[in-house]
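Working notes, structure below.
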Amino acid sequence: MAYLICPILTTVLAFIILNEHLSTVQKTAIFLSLVSCLLLSIGHFMDLFYSFVIALSYALYLILQKKNNRLDKFFSLTIQIVLSTLLLLPLFSVSDASVEKGTLFYSLVALIAVLFTIVPLYLNTLALKGLDSSVVGILLYLNPILSFLLAVFYFGEHIETLQAISYSLIFISVLLFNSKAFKSVLKRQKVVN
């Protein structure tokens, strides 16, 4: 759920804090996304609350990265990783020592940390150099949309009607939000051809 709430919060915070312009179509797209999240949260309001907290923290992170013009992006990411490591070190003593973890385990953890955390965070900071935070926020919807499509079409998972409606609304909202960009790309291709 946090993946679905974060783009909304990022876009709204970018509008409020960074004064990024949102067209009427983009505001409509945000509203559709909000409706979708509310539909998915029916009967799961505690999940919605925790997801909101997680999404808000990442949305604020993106906004702060956009405002960070003084520090080098890679240096900034390095500081964040070191601080996160220092905050998580006390939890290491609480881990289950009865299960032996060999070199393979720690190698896989390092690989996953680099490929699925550090690289995406760095690419996010680079994307924020050239794109509005609201656009980066809405593009975050690609992950849950692709996961949903894989679950349904590749793994054959059963979906409820409400889920199908909600994810359809999200997909429509992404198309609406980026419709101006899509039109300009199509216009440029027509000029080139």
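A short reminder: the numbers here are calculations on the coordinates, not readings from a lab. Bear in mind that the values here come from a model prediction, so they are computed numbers and not experimental data.
Which residue, T85, T11, T28, has the most motion in a Gaussian network model of the chain that connects Cα atoms within less than 10 Å? For the chain, modelled as a Gaussian network with Cα springs under 10 Å, the answer is T85.
Amide H to amide H distances under 5 Å link E20 with F15, where only residues 5 or more positions off or on other chains count and H is placed in the peptide plane.
Judged by the gyration tensor of its Cα atoms, with axes a ≥ b ≥ c, the range 69-185 is oblate; a/c meets the 1.5 cut and b/c is at least as large as a/b. Only helices reaching 27 angstrom along their own axis (Cα) with mean Kyte-Doolittle hydropathy no lower than 0.0 count here, and for the DSSP H runs of the chain these are 45-67, 73-92.
Between L126, L64, L88, the residue with the greatest mean-square fluctuation in the GNM of the chain (Cα pairs under 10 Å linked by springs) is L88. Note: relative contact order over the range 10-132, using C-alpha pairs below 8 Å and six or more positions apart, is 37 percent. Beyond 22 Å in Cα-Cα separation lie the following of the pairs K73/K187; K27/K183; K129/K180: K73/K187.
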